[in-house]
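The block underneath contains the structure these notes are about, expressed in structure tokens.
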Amino acid sequence: MENLAYNEYLDPPVTELIEGKTYLMSPKPRVNHTLVASRIYRIFADYLEGKTCMALSDGYDVFLDEENHYVPDAMIVCDRSKIKNDGIHGAPDLIVEVLSPSTMARDRGVKMRHYAAAGVKEYWLVQPLEKTVEIYLNHDGTFKLDRSYAVYEDWEIAQMTDEERATLLAPIRVSLYDDLVIPVEDIFRDVDIIS
């Protein structure tokens, strides 16, 4: 029987280039990480079917410049000329990073700054266990928090005023399209059943 050990030629490690330094991506993501990223991608892809913009899932390299190559969890690219066989060359319009403990500092720090400077219009930071989505919009090369979304427990909803319910339970509105509205619960469906 063949040895099924890791083979760098058949299964090379996933890396990112950050300010000219190569970083190994964290170990294979947890199921909840992948589930949430896949749901977001599917929502984007279904909505964008037949439109100019394209949704892309995890696994595609984004080449921002010579020193910064990233692999986001999901993205939307409206300028299809940026899509090449080896990845995306230039800034996508929207980037989603599902946070992992080992990469969270980079996603919130250096990568966030580079995405903003490169011209990414909207940046999502998603926390699967906390069931939160933070949406940042680009203002002159800097991301500013536009809104945070969360899934709330029934007992939390029961304690809210009508005004709080209307504000806190509002669906996610994607800035690229007026009619792309996503109930936050759709992103986190089934994460509780996975231990």
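Details
Yes/no matrix, rows are residues, columns are (1) charged (D, E, K, R); (2) in contact (Cβ under 8 Å) with a residue 24 or more places away in the chain:
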residue	(1), (2)
A117	no, yes
Y123	no, yes
T142	no, yes
V151	no, yes
Q159	no, no
E163	yes, no
V174	no, yes
L180	no, yes
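- Residues located in the range 40-81, provided they are among the charged types (D, E, K, R), crowded, with 17+ Cβ neighbours inside 10 Å and either in contact with an Asp or Glu (Cβ under 6 Å, 6 or more places away or on another chain) or at pLDDT 95 or above (or both): D58, D73
- If the condition is being assigned to a loop (DSSP other than H, G, I, E, B) and among the β-branched types (V, I, T), then the range 56-73 contributes only V71.
- Test: A105 is under 18 Å from Y60 (Cα atoms) and among the small types (G, A, S): no
- Taking the criterion of being under 15 Å from the mean Cα position of the chain (by Cα) and either among the hydrophobic types (A, V, I, L, M, F, W, C) or assigned to a helix (DSSP H, G or I) (or both), the residues of the range 115-125 that qualify are Y115, A116, V120, W124, L125.
- Residue satisfying all of: in the range 131-158; β-branched (V, I, T) and part of a strand (DSSP E or B); surrounded by the most Cβ atoms within 10 Å (Cβ to Cβ) among these: V133
- Hits in the range 109-134 - residues which are polar (S, T, N, Q) and touching a Phe, Trp or Tyr at 6+ places or on another chain (Cβ under 9 Å): T132
- Tallying residues that are crowded, with 21+ Cβ neighbours inside 10 Å, within 20 Å of K21 (Cβ to Cβ) and in contact with a His (Cβ under 9 Å, 6 or more places away or on another chain) within the range 83-115 yields 0.
- Odd one out for L129, checked against (1) of a type in the set (A, V, I, L, M); (2) over 30 Å from T52 (Cα atoms); (3) free of Cβ contacts under 8 Å to residues at least 60 places away in the same chain: (3)
- In the range 88-111, the residues that are within 15 Å of L145 (Cα to Cα) and touching a residue at least 40 places away in the same chain (Cβ under 8 Å) reach residues that are assigned to a helix (DSSP H, G or I) and of a type in the set (F, W, Y) with C-beta atoms within less than 9 angstrom, at least six apart or across chains, in these pairs: L94/F44; V96/Y41; V96/F44.
- Any hit, the range 118-128, residues being surrounded by fewer than 16 Cβ atoms within 10 Å (Cβ to Cβ) and either among the hydrophobic types (A, V, I, L, M, F, W, C) or within 13 Å of I172 (Cα to Cα) (or both): no
The values are calculated or read from the model by the stated rules, or taken from the named source; none is laboratory data. These numbers come from a predicted model, not from an experiment. All Cβ positions, even for glycine, are placed from backbone atoms using ideal geometry, and neighbour counts span all protein chains on display.
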